[in-house]
Amino acid sequence: MRKIVKTILNITYRPVLVKYLSVARSHTYKGIGFSVYPGVFHPLFFYSTKLLLRHIERFPLKNRSFLELGAGSGLISLAAARDGAHVTATDINPRAVECIEANKALNGIDMEVLHSDLFEKIPPRPFDIIAVNPPYYRRRPNSDAERAWYCGENGEYFDRFFSGLRPYTHPGSEVWMILSDGCDVDMVQALAGRYGWRLNCCATSSNWVELNYIFRIERSGIP
């Protein structure tokens, strides 16, 4: 049924959504004002960001070090910083980095913003919380904008994520990742295990379009 609904929505509403997102749009979330630039993943039109944000908002964040990989417009990072976390927000898309910087200035929020392909430009240091809404469709991305959606034909994004994660964690770190039933979860789990990690599903949420899973990434041993 979800596949049928998704197909109908793509045919009916996608052209309208593409046109709407072709210009910068301003929004507000719980007192946080933010803009979303064209080519930047929109946190309000796609369910995964909102679900991950609501999950993270349940936890005490004050004075905790917080890393968001692939932050897009920066909404999750902005909310975490507003709640007292020491935030580092990153994205591979230069347009997204510009968007995060603008939203940071708009809200008068102090946080570190880095243009980085995963961990590439982040000095190794452990974070208390890491949040990631990854690209999870299996296809090679051909633009910066597509990197928000596609993880590579063989899950290359996840291979690099799990292989590079350990220097950025300590034994008490919480690493949260959201995936959906449109993702090859078995592939992601296999790549996690290759580098000594396991996926522990802590929450699920469904709508007419997709089923989402929130996983806590945990150490399973030394590879």
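Does region 150-184 hold any residues that are touching a residue at least 40 places away in the same chain (Cβ under 8 Å), of a type in the set (Phe, Trp, Tyr) and over 21 Å from residue 201 (Cβ atoms), and which are they?
168
Report the residue count in region 176-209 for those that are more than 21 Å from residue 160 (Cβ to Cβ) and out of contact with any strand residue (DSSP E or B) (no Cβ under 8 Å at 6 or more places or on another chain).
So the count comes out to 3.
When region 118-129 is examined, which residues are found to be closer than 23 Å to residue 155 by Cα and surrounded by 15 or more Cβ atoms within 10 Å (Cβ to Cβ)? Before the answer, list the steps.
As a first pass, look at region 118-129 and keep what is closer than 23 Å to residue 155 by Cα: 118-122.
Result: 118, 119, 122.
Among the residues in region 147-169, are any within 14 Å of the chain's Cα centre (by Cα) and surrounded by fewer than 16 Cβ atoms within 10 Å (Cβ to Cβ)?
yes
Is region 144-166 home to any residue that is in contact with a Leu (Cβ under 7 Å, 6 or more places away or on another chain) and assigned to a loop (DSSP other than H, G, I, E, B)?
Yes - at least one qualifying residue is present in region 144-166.
Being among the small types (Gly, Ala, Ser) and either in a strand (DSSP E or B) or farther than 10 Å from residue 155 by Cβ (or both) is the filter; apply it to region 173-199 and report the residue that is modelled with the lowest pLDDT. Please lay out each step first, then the result.
At the first step, the residues of region 173-199 found to be among the small types (Gly, Ala, Ser) are 173, 180, 182, 190, 192-193, 196.
So of that shortlist, the ones also either in a strand (DSSP E or B) or farther than 10 Å from residue 155 by Cβ (or both) come out as 173, 180, 182, 192-193, 196.
Working: 173: 97, 180: 90, 182: 85, 192: 97, 193: 97, 196: 96.
So, considering only residues that are among the small types (Gly, Ala, Ser) and either in a strand (DSSP E or B) or farther than 10 Å from residue 155 by Cβ (or both), the one modelled with the lowest pLDDT is 182.
For region 82-126, what are the residues that are within 21 Å of residue 149 (Cα to Cα) and among the hydroxyl-bearing types (Ser, Thr, Tyr)?
90, 116
What is the residue count in region 117-149 for residues that are closer than 20 Å to residue 76 by Cβ and polar (S, T, N, Q)?
1
The values are calculated or read from the model by the stated rules, or taken from the named source; none is laboratory data. Everything numeric here is computed off the predicted structure, so don't read it as measured data. Here the Cβ is made from the backbone with ideal geometry for all residues, glycine too, and neighbour counts use every protein chain on show.
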